[in-house]
């Protein structure tokens, strides 16, 4: 199906193929090496095909970023109804999100993390989802009564900052995940209600 945006640009299956090709090139070589010419060669298309759909490479990178964000968001939505132990679910969920973003962001770290820093909507979405989990845990008496607004923002910063650092320092994924789980466990343990109700 073909659509035209207000800007007159075409949105169709080829647009998605361009985004996918850009993502593959960026993951393999980094965003610094991503050019329109490389995308054209990869797909065997002309300048006209590209520029009928995007104004420049920056717009394509924005769509790659959105795709990366959606993958992580879908992860949290898919696991939101999990029935296992609350704390184990939190460990698994956060670890899965960090793991999911690790490889896809490894070569795009500069672009993605800079964008994360200025994307208010993304920060608000994540802190809102984290806040829901915190409020649920408070309601169930799993954790202490805390300021869920402040804590949700702090957790978002911790996870985002940790991910950015291990990627920037090229720490192997397995080591990064093990260290993250170890560190995050202390945060969770500190939150637990000492009079925890078992349900």
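The values are calculated or read from the model by the stated rules, or taken from the named source; none is laboratory data. Treat the numbers as computed from the prediction; the structure is a model and nothing was measured. Positions of Cβ are generated from backbone atoms using ideal geometry, with glycine treated the same way; all protein chains shown enter the neighbour counts.
Structural remarks
- Among the numbered conditions (1) farther than 19 Å from residue 89 by Cα; (2) without any contact (Cβ under 8 Å) to a residue 24 or more places away in the chain, the only one that residue 138 does not meet is (1).
- Residue check, residue 195 outside any helix (DSSP H, G or I) and exposed (fewer than 14 other Cβ atoms within 10 Å of the Cβ): yes
- Residue that is surrounded by the fewest Cβ atoms within 10 Å (Cβ to Cβ) [pool: residues in the stretch 31-55 that are in contact with a helix residue (DSSP H, G or I) (Cβ under 8 Å, 6 or more places away or on another chain) and part of a loop (DSSP other than H, G, I, E, B)]: 46
- Sub-6 Å Cβ pairs linking a first residue in the stretch 77-93 that is in the same structural domain as residue 126 (by TED's automatic domain parsing) to a second residue that is in a helix (DSSP H, G or I) and at pLDDT 55 or above, at least 6 apart or interchain, are 79/93; 82/89; 87/188, ordered by first then second residue.
- Test: residue in the stretch 136-157 that is modelled with pLDDT of 85 or more and more than 27 Å from residue 195 (Cα to Cα): yes
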